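Encoded as structure tokens, the structure appears first; notes follow it.
The values are calculated or read from the model by the stated rules, or taken from the named source; none is laboratory data. Nothing here was measured: the structure is a model prediction, and the numbers come from that model. Because the Cβ atoms are built from the backbone with ideal geometry, glycine has one as well, and the counts that use them run over all protein chains shown. Note: areas computed on protein heavy atoms with side chains; ligands, DNA, RNA excluded. Shrake-Rupley method; radii C 1.70, N 1.55, O 1.52, S 1.80 Å.
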2 protein chains.
Amino acid sequence: MKLKSMMKRLVNLLAAFILSVNCISAQNLTRWVNPFIGTGAVQSSLSGNNYPGATVPFGMVQLSPDTREAPDWAQASGYDYNDSIIYGFSHTRLSGTGASDFIDILLFPTISDKRKSTFTHQHEQARPGYYQVLLKDEKIQAELTASVHVGVHRYTCSDGDQLKLWLDLDHSANKGSWNRRIIQSQLRMVSPTVVEGYRIITGWAKLRKIYFHLEFSQPILSNQLYDGNRMYENTPVINGTELRGLFCFDKKWNKELICKVALSPVSIENARLNMATEVPGWDFEYIARAAETSWEKELKKIIIQGTDLQKKIFYTALYHTMVQPNTMSDVNGEYMASDYVTRSVAKGEVHYSTFSLWDTFRAAHPLYTLIHTHRIPDFVKSMMRQYDYYGYLPVWQLWGQDNYCMIGNHSIPVIVDAVLKGVAGVDEEKAYEAVFNSSIVSHPNSPFEVWEKYGYMPENIQTQSVSITLEQAFDDWCVAQLAKRLGKEKDYNHFMKRSAFYRNLFNSKTGFFQPKNDKGEWIEPFDPYKYGANGGYPFTEGNAWQYFWYVPQNIPDLISLTGGNKAFVAKLDTFFTVSYQSGALNDNASGFVGQYAHGNEPSHHVAYLYACAGEPWKTQKYVAYIMNELYNDSSSGYAGNDDCGEMSAWYVFGALGFYPVNPVSGEYVIGTPMLEEAVIQLPGRKTFTVKAPRKEDNEVYICSMKLNGEKYTKNYITHQNIMKGGILEFVMTASPGK
Amino acid sequence: MKLKSMMKRLVNLLAAFILSVNCISAQNLTRWVNPFIGTGAVQSSLSGNNYPGATVPFGMVQLSPDTREAPDWAQASGYDYNDSIIYGFSHTRLSGTGASDFIDILLFPTISDKRKSTFTHQHEQARPGYYQVLLKDEKIQAELTASVHVGVHRYTCSDGDQLKLWLDLDHSANKGSWNRRIIQSQLRMVSPTVVEGYRIITGWAKLRKIYFHLEFSQPILSNQLYDGNRMYENTPVINGTELRGLFCFDKKWNKELICKVALSPVSIENARLNMATEVPGWDFEYIARAAETSWEKELKKIIIQGTDLQKKIFYTALYHTMVQPNTMSDVNGEYMASDYVTRSVAKGEVHYSTFSLWDTFRAAHPLYTLIHTHRIPDFVKSMMRQYDYYGYLPVWQLWGQDNYCMIGNHSIPVIVDAVLKGVAGVDEEKAYEAVFNSSIVSHPNSPFEVWEKYGYMPENIQTQSVSITLEQAFDDWCVAQLAKRLGKEKDYNHFMKRSAFYRNLFNSKTGFFQPKNDKGEWIEPFDPYKYGANGGYPFTEGNAWQYFWYVPQNIPDLISLTGGNKAFVAKLDTFFTVSYQSGALNDNASGFVGQYAHGNEPSHHVAYLYACAGEPWKTQKYVAYIMNELYNDSSSGYAGNDDCGEMSAWYVFGALGFYPVNPVSGEYVIGTPMLEEAVIQLPGRKTFTVKAPRKEDNEVYICSMKLNGEKYTKNYITHQNIMKGGILEFVMTASPGK
């Protein structure tokens, strides 16, 4: 018995040792990432709009196949797992957004002059930083990898075939959307192995300049450059708005061609420098390994134990959270500011963009604050640069420019959170100046003079009024918290007052937040099930049911307005069970549990509200349900658009067992840990471990908790608790507790 | 007798002394300039498309009233003398072009919130660097002046009125043309007396960024900023695509408001620096005097004696030749290059743009070479910067960007001319590289592979084929001349061969240059009177008659092709007398003398060809006729668009008595001097004087000539002759000689 027990312990120790060796070896965690998750919806659901191509954490280059000639809404990232044709490999894109943009600089290999090919998933694979596909029509193997600013392609054709390559500067997200138009572009044959150029394009981002420096491993024998239908043969340079080039390579050099493409938003010189700095050599395997290593380094920040399926979903989700924000400065620190002037960051700093803030302030940014603390000052400074040159903080920023997509001013919570959590390197006074001014300088969807005058947004003056009223009240609460910290009492009081404006739209007769006009009258008829989209209705991509829950700054008050815990829980019960629908749903509404729509962000915190009203087991029930039923490891693995990693971040927090219901409070509401163990790597070599061993999958209910060995009974854990390091242990059970 | 003779000499000397004193005093020559000449056509003629506003020689700012809400073709400069409404005063425009662009940053003063006013010419005046008008509706006096980068406004209202000011960033050339669209703009209230902002716009120039720094002499009390119909009250900053602001000033400060607006194509910081450098103070009179002095300095380069009418037309023409090329770099040397990257010129250099080369290579650039020799290296370097970042030299460049308007590659003659005339500071080898590559790298309207293959442009491959064939052959001849100078014999032979390609389109049966297809067949039917426009026809803005004469590189050969001097003169006679018209004329065809159309450039050298064929008196007859009949001092003073000073430069040469028929040969064909005397100021304090005293106006024929006191019988004078300094004396007569 004793010997047996000792042996068992030894075995356990050995297993743990092997595990830890595994954990620090490369190629360990990246193998759980499946970049195809989220890349295509099954029938009548919403794709994650992720893409399978090659990128590095927070990189500029997103090199991936385009399965659409002109990517748009439902294939915003350029790729749909359900497609069977590849048009080439372009270098930039958004991950998980509902709208498409970027899709710059397309390469496509051919042995004739084809411009597309069929492909099958049987001959396609992807891992972090690497993608490979067989272009079936002409049997060309395509492999992709990337560094921060450089995309690297390796094309291999059959023996005896002569490889040609299309370079397409006309290919872009659909020109029918966002008034998209190529302003000007250039393609220049610098030498037999170097092509350079740029394109200037207006679209969802108002003005993007994309300069590129391209190097080939083999010399070009001849070229055909096109502007529209006009062909120029063996010409050194071409300028126009519909440019593409066909390059022919010598048979004797083939069958392998490596193409390195460095991008810069500033100049061709910078593109050259980016390549010289990041990818001077030609060893494709080495570059791909470096890309994978950079992912491994980031993924290691949370080391989990669980089932293979859990690991696949978890690490793919973690991966998707790091596909953006995207580096927007060159290696020399130059970037294009929001006023379209080339400027420089300070030495060592990086300028980032792709801030889908309406989505990501909820869980993605809190996750960054937790595990990418060292990047937070750069994220914050990047947003504040918009304040400097644009006058207010980003609403939804891509390529350094605001598109005012969605509502609210949710860089405010992100920045305030960074200060309140004490992230080093954030200038508190400057941060306050930025959040304060972004809360008083009116801009699209944020008419603050109206806000201050009425104490709510009247729908007849500002559409999406109820959603804006709820979300802006939260942003105002954030400003107040920073004012308080900095001793600005008058501002604190003013913004606390504004943070309660949601109350002015609460209709106690119906128990909903409802639209009013500027006379203070309720707008009738009111249908809490009816959906709005992005304007013309009081609710944004949702209905009154879904927006009812958005008072994260004062949940007790929301509960009190509803009539106390019991009534609140009852209302939640209805929310999660009533499947009634009224009229057309919004495109973004998907992943339903009753009225709850996990496919879009307004619902994301709602399951955790049970815990705030004294019935945590219902939180546990629904969170477990959502994690298990609305995430999977297929191409249709998300219940809706991943929205720049927000859906993914929700899962990461969910699996860890807590969620930032109020992303700025420094408290995470406890849900239900899904993993046997999760170890979060913290600054200063500290770790915070969550343990939740269970015998059966259905043990989703928390029986008891211990924090660092002591019994823990709160329904939340603080950021400080976590950052100190320690162990949070759960005892799980299959039967709901109280 | 002797005493009388001495007295006469003394009187002459005294007169000369008084004259020379006059010449160096300010306010002397500028008074002959009437900026209203060319600003409006009389019924059924073509306006010069000039504008009356304030600018300085070769300045960036062109501050002038806009009498159109959305200036376009027939009012390309924004102003039409026949209009009666002013919409405000904007800071940039083109002078004399057929197409409109620029028209940036409009100010309009009001005491209500009006956005336009009636005006009359009775209460309007202009002189170089100064413009004034009474805005009748609200009795506001508006005065404008400018420095290179800064526009200065002075608005004066009646006692007791409260002045307001519109700042309109939406106002532009017509958005219906050239796909024009504002990409983004910003308006920022920096302080009560400072407003800054920018607009990014695509139009005829593909992408222009116009940053501004605006200072008021009085503080703004309140503002209303608009984005379209959305009004923001007393807000500090606004971003959007339809921006304007209404600023209210205090009564107590008024009634005078001075506004200084500095522009930069690079950044707001540079706009600030431009103002600090050029217009730090508030003395409107001083700034206007400085502007006028800068004009005086330039106008003084040719001092003429003649009738008041001659002086008015001559000095206004000379003025119009210096309204462009426009400074495009900031005072710190930064500019936006053709690849849309901010770059810097070397210290002391200026980057210029607005090169309407199809027009201006004929006479305007030769005039610059003669009297603005010190600016030539900057002009040449500015064009060569396009070669550096774009791959070939400008065809028609505005705001540093090519629009490929018109045909040929006429920066080649401009650059070659600079080298051949020995202008210091032009890098000959670099110049050759640029003109060589611009003659072999195909681009729109210049398919050189076609050119080389067929020896002409086949109309079915390249439209405007005959016009292009004739003009490109001349450009090729220019390349050959530079190749010869640099000892590149192979290139010389090659380009000399190309320079004779016009012969391949000469149809000896009809005696015209005619279109062929790619099979070498004449395209029938052929009608030498039928007009083309800018594509879809073998002739560009003209007919076969007008293009027949364009072989400036080999006039003897053209004469020979025509059948010798007699036949050539007979053909010229027909040309100048046959008024037959076939079908619709091109819009640019005007100022007819038979088929000769002085309103457009292809005809400009033709009257001088008589002299080349041995009948100079006919040259004298027609040149005198054109000067006297097709130029006047009214608003309709030009026979067609001034085309960035080309029509004006023609007049300047015409009046001096010689014209650069081949602008690169270094020879000026002698026409008929119109002025009693003209003294050209040359580098090294030398002068070249043309004297042509006459008793009667009808003495337009040359009886005899003396160069530096020696009998002169050539039909041309060389550039070297002129640059050495000296006196060319004409004896004129009323009866045609031989």
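What the table below lists for this structure:
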quantity: Largest-first ellipsoid semi-axes for chain B, taking √(5λ) over the Cα gyration tensor eigenvalues, angstrom; calculated: 43, 32, 24
quantity: Protein-protein interface of region A:333-363, residues with accessible area decrease of at least 30 Å², isolated chain reference, 1.4 Å probe; calculated: A:339, A:340, A:341, A:343
quantity: Pair residue A:521, residue A:231: separation of 7 Å Cα→Cβ label points (nm); calculated: 6.9 nm
quantity: Per-copy distances of the residue A:73 label point, shortest first, in nm (7 angstrom along Cα→Cβ); calculated: 3.9
quantity: For the axis carrying chain B to chain A: nearest C-beta residue of B, whole Å; calculated: B:342, 3
quantity: Region B:572-660: chymotrypsin sites (Phe, Trp or Tyr not before Pro) in DSSP coil with no more than 12 other Cβ atoms inside 10 Å; calculated: B:580
quantity: Pairs beyond 30 Å (Cα-Cα), from B:453/B:714; A:311/A:706; B:297/B:691; calculated: B:453/B:714
quantity: Cα-based reach from residue B:430 at 22 Å (exclusive), listing lysines while leaving out same-chain residues under 8 positions away; calculated: B:347, B:381, B:421, B:484, B:488, B:490
quantity: Backbone HN-Hα couplings from phi across region A:646-651 [Karplus 6.51/-1.76/1.60, Hz, Gly and Pro as x]; calculated: 5, 4, 5, 5, 4, 5
quantity: Sorted peptide list for A:689-696, A:360-367, criterion being average Cβ within 10 angstrom, highest first; calculated: A:360-367, A:689-696
quantity: FRET efficiency, residue A:286 to residue A:115 (Cβ-Cβ, R0 35 Å, nearest 0.05); calculated: 0.70
quantity: Between region A:255-297 and region B:180-204, the alpha-carbon center distance in angstrom; calculated: 37 Å
quantity: Whether region B:434-571 is rounded, prolate or oblate, judged on the alpha carbon gyration tensor where a/c under 1.5 counts as rounded; calculated: oblate
quantity: Region A:517-617: trypsin sites (Lys or Arg not before Pro) in DSSP loop, at most 15 other beta carbons within 10 Å; calculated: A:519
quantity: Solvent-accessible area buried by pairing A with B, both sides, nearest 100 square angstrom, 1.4 angstrom probe; calculated: 3200 Å²
quantity: Simple Cβ-charge dipole of the protein assembly as shown, Lys/Arg +1 and Asp/Glu -1, about Cα centre, in debye nearest 20; calculated: 2020 debye
quantity: 1.4 Å probe, heavy atoms, protein only - residues of region A:197-216 losing at least 10 Å² accessible area vs chain alone; calculated: A:198, A:200, A:202, A:206, A:207, A:209, A:211
quantity: Simple Cβ-charge dipole of chain A, Lys/Arg +1 and Asp/Glu -1, about Cα centre, in debye nearest 20; calculated: 1840 debye
quantity: Charged-residue dipole, Cβ positions (Lys, Arg, Asp, Glu), region B:146-214 about Cα centre, Debye nearest 20; calculated: 520 debye
quantity: Under 20 Å from the Cα of residue B:252 - lysines, other chains or at least 8 residues apart; calculated: B:139, B:164
quantity: For the protein assembly as shown, calculated [θ]222 nm from helices alone, where every DSSP H run of n ≥ 4 adds -39500 (n - 2.57); calculated: -8500 deg cm²/dmol
quantity: Accessible surface of region A:302-732, 1.4 Å probe, proportion on carbon and sulfur as whole %; calculated: 48 percent
quantity: Selection from A:637, A:439, A:692, by position along the positive dipole direction of region A:302-732 (Cβ); calculated: A:692
quantity: 1.4 Å probe, heavy atoms, protein only - residues of region B:236-278 losing at least 20 Å² accessible area vs chain alone; calculated: B:236, B:237, B:239, B:269
quantity: Distant-in-sequence amide H partners of residue B:404 (H built 1.01 Å from N, under 5 Å); calculated: B:395, B:396
quantity: Solution diffusion estimate, µm²/s, Stokes-Einstein, region A:302-732, Kirkwood Rh from C-alpha pairs, 20 °C, viscosity 1.002 mPa s; calculated: 98 µm²/s
quantity: Cα-derived Rg to Rh of region B:209-263, Kirkwood definition; calculated: 1.00
quantity: Average Cα contact separation per residue, chain A, under 8 Å, 6 or more apart, as relative contact order %; calculated: 12 percent
quantity: Teacher prompt: residue B:347 distances to equivalent labels in other copies, 7 Å Cα→Cβ, nm; calculated: 2.5
quantity: Value of relative contact order over region B:16-173, rounded to a whole percent, pairs C-alpha under 8 Å and six or more apart; calculated: 23 percent
quantity: Solvent-accessible area per residue for chain A (1.4 angstrom probe, square angstrom); calculated: 34 Å²
quantity: Centroid-to-centroid separation of region A:481-558 and region A:108-130 [C-alpha atoms, Å]; calculated: 49 Å
quantity: Nm distances between copies for residue A:277, ranked from closest, using label points 7 Å along Cα→Cβ; calculated: 2.9
quantity: Listed residue (A:46, A:675, A:626) projecting farthest to the positive dipole end of chain A, Cβ model; calculated: A:675
quantity: Charge dipole (chain A, unit charges on Cβ, about Cα centre) - positive-most of A:326, A:134, A:663; calculated: A:663
quantity: Where labels lie 7 Å past Cα in the beta-carbon direction, separation of residue B:277 and residue B:731 in nm; calculated: 5.5 nm
quantity: Volume per residue that the Cα convex hull of the protein assembly as shown spans, once the total is divided by residue count, Å³; calculated: 196 Å³
quantity: Cross-link pairs B:312/B:618; A:136/A:251; A:621/A:686 - those with Cα-Cα distance over 22 Å; calculated: B:312/B:618; A:621/A:686
quantity: GluC sites (Glu not before Pro) lying in DSSP loop within region A:480-582, provided at most 14 other Cβ fall within 10 Å; calculated: A:521
